[in-house]
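Below is one structure; the comments refer to it alone.
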């Protein structure tokens, strides 16, 4: 997966990084990737494709369906590999190649996802900037064209991923625009600011800046 530099998304990510809101700390990122494979991605994709084909040969009925679609369909296998590659690219210190299709789910529609994100991030808007969510979705729309997307989510493994231990809540959404051959990955975790992990995060940062200049910054990059 090729990382796509997007100033709008980088600004939104900076807002969501180690952000103190009430009794919790938010850590989020929004990144866009091209689905074009090259280098290590291509090598991993080839290995996983062969693995899935071998598993299908051994258990065709068991693997005939999944939340992403039938693994017997080459497009489903490609989608699964692209989701895994996106997570590997976003979190290079973790290896997600062992994820199974049942650890993902397809969201019913993009508007429900938007509503879910807005609910989680509402305290951030209330604390810092009343137009934050509008500007957030404008930035995302310019990159991925939301209404043309299929949206998938990752269900945390609870043991071997960076989204589970000690967190109050998490979300992991993948906005996949097949026409653009592009995936936008939006993840965020909330941790109690009284937890040891949150205290360490805050000690690494001199201060948490407010969002008073967010609108002006957005105008600079649009």
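What the table below lists for this structure:
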read-out: Order of 105, 191 - criterion: other Cβ atoms within 10 Å of each residue's Cβ, fewest first; value: 105, 191
read-out: Potential extension, residue 40-residue 141 segment - 0.36 nm per residue separation minus Cα distance; value: 33.4 nm
read-out: For 117, 53, order by how many other beta-carbon atoms lie within 10 Å, fewest first; value: 53, 117
read-out: Distance between modelled label sites at residue 91 and residue 134, nm, 7 Å Cα→Cβ extension; value: 3.4 nm
read-out: Exposure proxy order (Cβ contacts within 10 Å, fewest to most) of 1, 87; value: 87, 1
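The numbers here are math on the coordinates, done by the rules we state, and not lab data. The model shown is predicted, which means the values in this text are computed figures rather than measured ones. Note that we place each Cβ from the backbone using ideal geometry, even for glycine, and neighbour counts take in every protein chain shown.
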